[in-house]
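We did not get these values from a lab; they are worked out from the coordinates using the rules stated. Computed from a predicted model, the values in this text were never measured in an experiment. All Cβ positions, glycine included, derive from the backbone under ideal geometry; neighbour counts span all protein chains shown.
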Amino acid sequence: MKYTLGLDFGTDSVRALLVDVSSGQEVGTGVSYYPRWKAGKYCQASLSQFRQHPQDYVDGLVAAVKAALADAPAGTADEVVGIAVDTTGSTPVAVDASGTPLALREEFRDNPNAMFVLWKDHTAIQEAEEINNLCRNWETDYTKYEGGIYSSEWFWAKILHVLRTDEGLRAAAHSWVEHCDWIPFLLTGGKDIKQMLRSRCAAGHKALWHPEWGGLPPEEFLTELDPLLAGLRDRLYVDTHTSDVVAGLLSDDWAGRLGLPAGIPVSVGAFDAHMGAVGGEIKPFYLSRVMGTSTCDILVIPDDHPAAKKLVRGICGQVDGSVIPQMLGLEAGQSAFGDVLAWFTDLLSWGRPEASKGALIAELSRAAADLPPGGEEIAVDWFNGRRTPDANQRLRGAIAGLNLGSDAPRVFRALVEAICFGARHIVSRFESEEIPVEGIIGLGGVAKKNPFVMQTLANVLNRPIQVARSEQTCALGAAMFAAVAAGVHPDVPAAVSAMGSGFDATYHPEPDRVKYYEEKYTRYRQLGAAAEQLAASGD
């Protein structure tokens, strides 16, 4: 028996999954929640500042792996042959020349600017707008493979914002790394930032990297953006790697800390949704929707297909090999999905002792499902800005059509419809850009736990939605990449064939609801246009 370890670093916790490489059986799992994050440290939601301390990642990694090994049959640890990692992103951090995040140094340990800038941090809206304006007036538009619009959620905007904000950190920061690059570097005992292998997924989707212009944007572009970026390009990287490539071998130190064999391969990291799409058995022209606090929608196209040559406007990038080698990976998504529903439960329970949000959402879902079609309540889902189509993090959510009969289930239903309409807008963008969407795959916590949301989504999209059986598709996808990096399977499709867990549910559209949602989607777009116009007038 041989096993691989998939590590999935999410927004709230890290999950470790041990998988049998021959059958895909999940033999052990462990979860560890980030204590500093749970306590709300280093975050200011009103300012859209969300930072995570690297020590949370380190402690969570150890705890989750030990829990997974304790959950697995005796002797499993000795038969682990490879490790792979996925993380949120873009989640960069400033590092010194050794590759150590500055928050792990004593003088910066409580400085939020020295911590990982989480994907949902929107403090860099101004910097993103400056990048977009410069790209539109430069001889080369470096955003053209990233949907034509750069987002405040991404690498360069966040770096520039922090450099402008914190002079002390600016002097100490040698380089910057994505979370998905740092964890493999940590596990393999890296001590020199120049030796770190960088993720094709992270670089292509979030850092304006593309072979057409030799990697990252040139020095003259970056210094025109801001002289504070002078010299940084040379301290970053030129080459990038897909996640079937070995980043290094598990160090003796980390083998001892985790209870695993030293010297096993650790593959190059990637973002959670991209590895999750692999774990969910994505295939060409199927849209894989990882649905949690936000969504990340992934679609792959074989490199030799004519559609792989098209530029798709308003998405989060199209990158060769970012999901599966020899395929173009396209990413879209919504900045808030489950977060919209969580916000509503927080609103309802204000001033009361902390209660189970999950139980309240389940109760509201049952009540909303029992309502007959109709109702004037309608919402727009941009509570954390709009990721796609056409990124705009200045936008805000809206609820309209309220009256004295608008009770909690009716408002909740409007919010569920809104997040589903946001998904439809993404599908419509792909299709309007001549990228066919032949099927939908649902992954993540919402897909597994909330039938009302999934049935509404099927009705709004007027398409069946398959739900992956595994509870941990991101970690499972990582385990598949680990098996390829370890040489157990020759390539990613072979690993998926051997280790995939299939699907355990399919939601079909209900014809009587489809026509109703077709009409209400038009109202959603009208309300969205009004909200966007209002946001623009506020500028």
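Here are the numbers for this structure:
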quantity: Formal net charge of residues neighbouring GLY321 (Cβ-Cβ distance under 10 Å; K, R +1; D, E -1); calculated: -2
quantity: Local electrostatic count, GLY276, Cβ distance below 14 Å [Lys/Arg +1, Asp/Glu -1]; calculated: -3
quantity: Interchain or long-range residues, amide H under 5 Å from GLY82's placed H; calculated: LEU5
quantity: Protection proxy ranking, peptides 77-85, 408-416, average beta carbon neighbours within 10 Å, highest first; calculated: 77-85, 408-416
quantity: Relative contact order of segment 187-316, defined on C-alpha pairs under 8 angstrom at six or more residues apart (%); calculated: 22
quantity: For LYS2, distant residues with modelled amide H under 5 Å away; calculated: VAL21, SER22
quantity: Under Karplus coefficients 6.51, -1.76 and 1.60, residue-wise ³J(HN,Hα) of segment 32-38 in Hz, glycine/proline x; calculated: 9, 8, 6, x, 5, 5, 4
quantity: Cα-based Rg of segment 130-260 normalised by 2.2 N^0.38 Å, two decimals; calculated: 1.15
quantity: By average C-beta atoms within 10 angstrom, highest first, the peptides 216-227, 129-140; calculated: 216-227, 129-140
quantity: Among 42-55, 293-306, the order from most to least packed when residues are scored by Cβ within 10 Å on average; calculated: 293-306, 42-55
quantity: Using θ = phi - 60° and Karplus 6.51 cos²θ - 1.76 cosθ + 1.60, couplings along segment 71-87 (whole Hz; Gly, Pro as x); calculated: 7, 8, x, 4, x, 4, 4, 5, 9, 6, 10, x, 9, 9, 10, 10, 9
quantity: Vicinal HN-Hα couplings computed from phi for segment 185-192 (Karplus, 6.51 cos²θ - 1.76 cosθ + 1.60; Hz; Gly/Pro x); calculated: 4, 4, 5, 9, x, x, 10, 9
quantity: Proximal lysines to LYS449, defined as alpha-carbon separation beneath 25 angstrom and excluding residues fewer than eight positions away on the same chain; calculated: LYS38, LYS120, LYS283, LYS357
quantity: Amide hydrogen neighbours beyond the local backbone of ASP121, cut-off 5 Å, H modeled; calculated: PHE50
quantity: Centroid-to-centroid separation of segment 299-327 and segment 406-447 [C-alpha atoms, Å]; calculated: 22
